[in-house]
Amino acid sequence: MEATINSSAIDLGRQNLERKDVAPLGNRPPRALIDPFARAITYLRVSVTDRCDFRCVYCMSENMAFLPKADLLSLEELDRLCTAFVAKGVKKLRLTGGEPLVRRGIMTLVSSLSRHLASGALNELTLTTNGSQLPKYAAELKGYGVERINVSLDTLDAGKFRAITRWGELDKVLAGIDAAQAAGLHVKINAVALKGVNEDEIPSLVEWAHGRGMDLTLIEVMPLGDVGEGRLEQYLPLSMVRARLAEQYTLDEIDYRTGGPARYVTVKETGGRLGFITPLTHNFCESCNRVRLTCTGTLYMCLGQEDAADLRTPLRASEANDLVYAAIDEAISRKPKGHDFVIDRRHTRPALDRHMSVTGG
Ligand code: SAM
Ligand code: SF4
């Protein structure tokens, strides 16, 4: 897909390419990334910060301990790692977090990465956000060649929104979505299905999103990190949600894929697309094309497994990228076949100690 980028973004990209601290695409043609199950890795998700201006009940505990700022990779180091992945065939980059738009100087990174859109090496630069900072940044994002973003929103009820996010304000997020659409960004809404919280509201979320020309994707809550509440109380199987929606709407299965785990239907009555991400009721790993980088330079080859690779040490050991390429190759050779999340009465503890904000979902 060809991205439209304004000329100032291209100029900035060129300037960044000439900067010495941002490495060019590579010193030798690196091998493409193919994992042991013959899956091509073409998608990198980057958690640029573990911090956030919200404290969603399924994602964080109220008193989260965050990483010391000194442990974070600098924006230049994040750029260098992303660039190494692009050189190795990554075509899609998603910035996430924590909340990516609260990382100081984040637009410098977006501007710098936009050079890979301008050169054609990258097909898509995108982000997942809680929307709170979009009034400030939406137009700039569009200017740097971002075409589509995901905004997370689980309810349209201001009281419930506050209860779910603990610190968020619905009006600000709605203003963020308005700003994004006004800037010409395509917005997809992500909503986590929460038992007894938003389950009755899902039809109105579908109608609201589709009425504004936005796709909606529903996500099952995943057992990541101790959030101070039992997962069994939060978990709502999407098989149940889908069966209930099917009583009210005509859901037509379609082949549409965004390179991710969502399976889509069109809702005949609204004409919009509805996605289901079901890590618990259906395993989606066979087509997995992605890996996840944290803000400290740790690479997770699977969202649902502990195994990880340290890319910060090879990054800092040398100005050339050979060590980084070798570390990435070695990590991909360990990418597991899949995860095995379970939430039931015998498995109410987190499957992993790591919170979702570490890897960005
Ligand atoms: N702060 C941004 C946001 O909320 O969109 C980006 C990071 S957030 C970790 C990315 C996505 O993960 C959000 O859509 C959020 O709803 C989802 N998420 C967080 N914790 C989750 C969990 N335990 N299970 C399922 N989805 C989760
Ligand atoms: Fe923050 Fe996103 Fe996690 Fe909510 S889901 S606490 S907005 S990182």
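The values are calculated or read from the model by the stated rules, or taken from the named source; none is laboratory data. On a predicted model such as this, the values are computed, not experimentally measured, just so you know. In this analysis, Cβ positions are derived from the backbone assuming ideal geometry, glycine residues included, and neighbour counts consider all displayed protein chains. Accessible surface is based on the protein model in full, side chains and every heavy atom, while ligands, DNA and RNA are left aside. Shrake-Rupley method; radii C 1.70, N 1.55, O 1.52, S 1.80 Å.
Note down the net charge around residue 246, summing +1 for each Lys or Arg and -1 for each Asp or Glu among other residues with Cβ under 13 Å from its Cβ.
Here the count lands on -1.
Can you order the peptides 242-248, 112-118, 63-69, 286-292 by their average number of other Cβ atoms within 10 Å per residue, highest first?
Peptide ranking by packing, descending: 112-118, 286-292, 242-248, 63-69.
Starting at the first residue of the range 211-216, write each ³J(HN,Hα) from the Karplus equation 6.51 cos²θ - 1.76 cosθ + 1.60 with θ = phi - 60°, in whole Hz, x for Gly and Pro.
x, 9, x, 10, 5, 10
Using heavy-atom solvent-accessible surface (probe 1.4 Å) with all chains present, what is the largest-first order of 93, 156?
Ranked list, largest accessible area first: 156, 93.
Computed FRET efficiency, Cβ-Cβ of residue 182 and residue 287, R0 35 Å: what is it to the nearest 0.05?
In this case the efficiency is close to 0.50.
List the pair-distance distribution P(r) of the range 84-214, using every Cα-Cα distance, as the percent of pairs falling in each 5 Å bin from 0 up to the bin containing the longest distance, rounded to whole percents.
2, 10, 20, 22, 18, 13, 8, 5, 2, 0
Suppose R0 equals 56 Å. What FRET efficiency, 1/(1 + (r/R0)^6) with r the Cβ-Cβ distance, do residue 37 and residue 171 give to the nearest 0.05? Each step should come with its number before you reach the end.
Values: r = 45 Å, r/R0 = 0.81.
Efficiency, rounded to the nearest 0.05: 0.80.
Going by the alpha-carbon gyration tensor, a ≥ b ≥ c the square roots of its eigenvalues, is the range 144-259 rounded (a/c under 1.5) or, if a/c is not under 1.5, prolate (a/b greater than b/c) versus oblate? Each step should come with its number before you reach the end.
On the way: a/c = 1.60, a/b = 1.15, b/c = 1.39.
Cα axes put the range 144-259 in the oblate bin.
Taking the range 134-178, which GluC sites (Glu not before Pro) meet the DSSP loop condition and have no more than 13 other C-beta atoms within 10 Å?
Answer in residue order: no site qualifies.
Measure out, as a whole number of angstrom, how far apart the alpha-carbon centroids of the range 45-100 and the range 302-328 sit.
One Cα centre to the other: 15 Å.
What net charge do the residues around residue 92 carry, taking every other residue with its C-beta under 12 Å from that of residue 92, with Lys and Arg at +1 and Asp and Glu at -1?
Value of the local net charge: +3.
Which trypsin sites (Lys or Arg not before Pro) does the range 127-196 hold that lie in a coil by DSSP with at most 16 other beta carbons within 10 Å?
Qualifying residues, ordered by number: 166, 195.
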